Structure formats: structure tokens, C-alpha cells
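To start, the structure itself, in C-alpha cells.
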Amino acid sequence: MSKKLDGTQTLGNLMKAFAGESQARMRYTYYASRARKEGYNQIEEIFLETADNERAHAKRFYDAILDGISDQPMMVDVNADYPVAMGDTLFNLKAAAEGEKEEYEILYPNFAKIAQEEGFATIASIFSNIAKVEVEHEERYLNFADNIVQSRVFKRETKVKWKCRNCGYVHDDLGAPDLCPACAHPKEHFEIKAYNW
């Protein structure tokens, strides 16, 4: 990067985004533990996967900071609001979705606009592209929340293939079995079999 970030709004926005993504990562790991305790192992994995996505976002923002500042250590003031929320898994999914929505609807478009105005087109693009990921995160969280509300986590209206996440056994029925016939793991280890090929 030829233009330096020192003294720009973009530097502060990158640091806010880095802090926000880092905090989201930790919240999602806490939410994952809660989901597992409630028997939602697939939702636990979704929270952990998303936490790892947020780690990658935080790294991208931090790398942009390091690329645009002098080689000397510096302090960057971060004056921003960050969410604090913890409840049952349904509550946590909704809270996570709200945070993702704020990022893609308000924060990152605003940060991208400022970066563009300050002459940082690449950083503007980073904000815009990460915002696209946050849209996907919100959608996934809302769909899982709806599954809980509709009692559809382990039961569907039509037959589907349920896969045991422990041993790979596939069960074709309206709902997941209480125990896996192959490995005896409980129902919370089942999810709808995905075909990703």
C-alpha cells in the first residue's frame, strides 16, 4: 500500500472492525457451548464455523492496518459500541443475526464509503466483500432460529435423510432417531444430510 493510514478515519474503522470481528468470534464460541449443552450439535458447529470466519475477517482487517501504518508500534483509539448478549440458543441465534445485519447494512458500507473517499479503494473493497459474507451469516442464523421455533431441528413434514455426524449412518424418515442404530449416539448428533457436490 503506497498511501499510509496514519491519521485517517479508515485506520480507526479498520481497528473497530478488527475489534468487532474478534469479539464476535469469542461470542460465537460461547454460543456454541450453549448450543451443545442444549443438544443442538449442528448449531454448535455452525457457531464454531462462523467464529472461524470471523477470525479470518479480523485477520484481513488487521493485515490491512499493518500494511498501511509505519513500522513503529502505535495506539489506535477505538470508541465504538459492541454487543453483549447471552441466552438460550434461540436467543443467541437471533442476537448473532442482529449483529451480522448491523455489519452488512450499516457499519461496513459506511466504512467502505469512507475508505473510498480517503483513497483506499482496496480497503473499501475488503469492507464490501466481507459485508457479503455477513449477509450469509445472518441468513443461516435466522434459518436455524426458525427451525427451533418451528420444532424442525430434528423433525420434518416430509421424509428426509438424517445423517449421524458421529459415524455417518443415514436414516430416511420424518425425524432423526432417538439413538443412532449404528453407534448409539443420541439424536443431537443427527443433521439433514447435505449434498455439496
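Structure summary
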quantity: Placed amide H near Phe190: partners under 5 Å, 5+ positions off or other chain; calculated: Arg165
quantity: Degrees, to the nearest 10: 41-68 long Cα axis against longest axis of the chain; calculated: 10 degrees
quantity: Förster radius 35 Å - calculated FRET efficiency between Glu45 and Ala121, Cβ distance, rounded to 0.05; calculated: 0.45
quantity: Per residue Cα convex hull volume in Å³ - calculated over segment 106-197; calculated: 131 Å³
quantity: Estimated dipole of the chain in Debye, rounded to 20 [Cβ of Lys and Arg +1, of Asp and Glu -1, Cα centre]; calculated: 620 debye
quantity: Rg/Rg_globular for segment 1-69, with Rg_globular taken as 2.2 N^0.38 Å and Rg from C-alpha atoms; calculated: 1.41
quantity: Rounded FRET efficiency, nearest 0.05, which uses the C-beta distance separating Asp71 from Asn143 and R0 of 45 Å; calculated: 0.50
quantity: Debye-sum result for the chain in log10 I(q)/I(0), which assumes one identical scatterer on each alpha carbon, at q = 0.09 Å⁻¹; calculated: -0.43
quantity: Radius of gyration and maximum dimension Dmax of segment 66-136, Cα, Å; calculated: 15.2, 45
quantity: Residues Glu118, Glu191 arranged by fewest to most Cβ contacts within 10 Å; calculated: Glu118, Glu191
quantity: Neighbour-count order for Ser70, Ser22, fewest beta carbons within 10 angstrom listed first; calculated: Ser70, Ser22
quantity: Listed residues Pro109, Pro181, Pro83, most fluctuating in the chain (Gaussian network, C-alpha, under 10 Å); calculated: Pro181
quantity: Per-residue Cβ neighbour rank within 10 angstrom, fewest leading, Val170, Val160; calculated: Val170, Val160
quantity: Within the chain, helix-based [θ] at 222 nm, where runs of 4 or more DSSP H residues each add -39,500 (n - 2.57), nearest 500; calculated: -19500 deg cm²/dmol
quantity: Cross-link reach list, lysines versus Lys187, counting only Cα pairs under 21 Å and skipping chain neighbours closer than eight places; calculated: Lys37, Lys155, Lys159, Lys161, Lys163
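Bear in mind that the values in this text are calculations on the coordinates, not laboratory data. Note that the structure is a prediction, hence the values are computed from the model and not measured. With ideal geometry, Cβ positions are generated from the backbone for all residues, glycine too; neighbour counts draw on all protein chains shown.
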